[in-house]
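Engineer: Handing you a structure now.
Every number here is computed from the coordinates shown, using simple stated rules; none is lab data. What you see is a predicted model, and the numbers here were worked out from it, not measured in a lab. Neighbour counts are summed over all protein chains in view; Cβ atoms, including those assigned to glycine, are modelled from backbone coordinates with ideal geometry.
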Amino acid sequence: MSEKRPLYHSPGTPGKRGFEDLECYQLALEVMAKVHEFSKTLPPDEKFDLYAQIRRSAKGVTANIGEAYGRYHYLDSLRYYSIARGELNETLAHLIDARVLDYISQPDFETLYKLIRQTEQALNGYMTYIRNRRAGAQEFGEKAIHEDQADYLSTWIPDTSFIQDKENS
């Protein structure tokens, strides 16, 4: 039995690279690649509908995991990990649509379904780990960090000089 090869090889040191080392990210990357491969089989009339939506939601999973990892406060991170989980479930909803519309075979659907659920389980596990670590709580407390609403006062004066220039020419 051959060992599974990762889809992406980071130039960094294993274990010290960042979000690329997370199991949930690696699984999400696999979901994204398989969804993109499947999307190429969709009929042409789905190009601006299901094709675009399923690809976007699959990419949203990996993007939000990366964004979450870059956040300092654990509540801020959890927000983006939750968005990643939502994108993952949106991807599954699109796959269910594809199955109902008979765009994907039952065996292929089941393979992707299992991979998505495995990814969700890994993401939930990592979210639990982050919640228990509570990074940033010592410095900033237990509330999510956000900027206070800024009051901006502006006076807009339209530039009408181009009108005068036309009149003079």
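Engineer: For the pair Thr111/Tyr72, report the inter-label distance in nm, with labels modelled 7 Å from Cα in the Cβ direction.
Structural biologist: If labels sit at Thr111 and Tyr72, their model points lie 4.5 nm apart.
Engineer: Determine which residues of segment 76-118 fall in the zone a paramagnetic label at Asn132 would reach in this model, i.e. backbone nitrogen under 17 Å from the point 7 Å along Cα→Cβ.
Structural biologist: 78
Engineer: What order do you get for 105-111, 87-93 when each peptide is scored by the mean count of other beta carbon atoms within 10 Å, highest first?
Structural biologist: On the way: 105-111: 12.9, 87-93: 19.9.
The packing order, highest mean first, is 87-93, 105-111.
Engineer: Beta carbons within 10 angstrom, averaged per residue: use that to sort the peptides 22-29, 119-126, highest first.
Structural biologist: On the way: 22-29: 21.6, 119-126: 18.4.
In descending order of packing, they fall as 22-29, 119-126.
Engineer: Here is a further query. Quick check on the exposure proxy: order Leu78, Leu7 from fewest to most C-beta atoms within 10 angstrom. All intermediate terms of the calculation are to be shown ahead of the outcome.
Structural biologist: Numbers: Leu78 17, Leu7 11.
If I rank by nearby Cβ atoms, fewest first, I get Leu7, Leu78.
Engineer: I've got another one for you. Fewest Cβ neighbours within 10 Å first, please rank Val31, Val100 accordingly. Can you show the working numbers first?
Structural biologist: Details: Val31 24, Val100 10.
In increasing order of surrounding Cβ atoms, one gets Val100, Val31.
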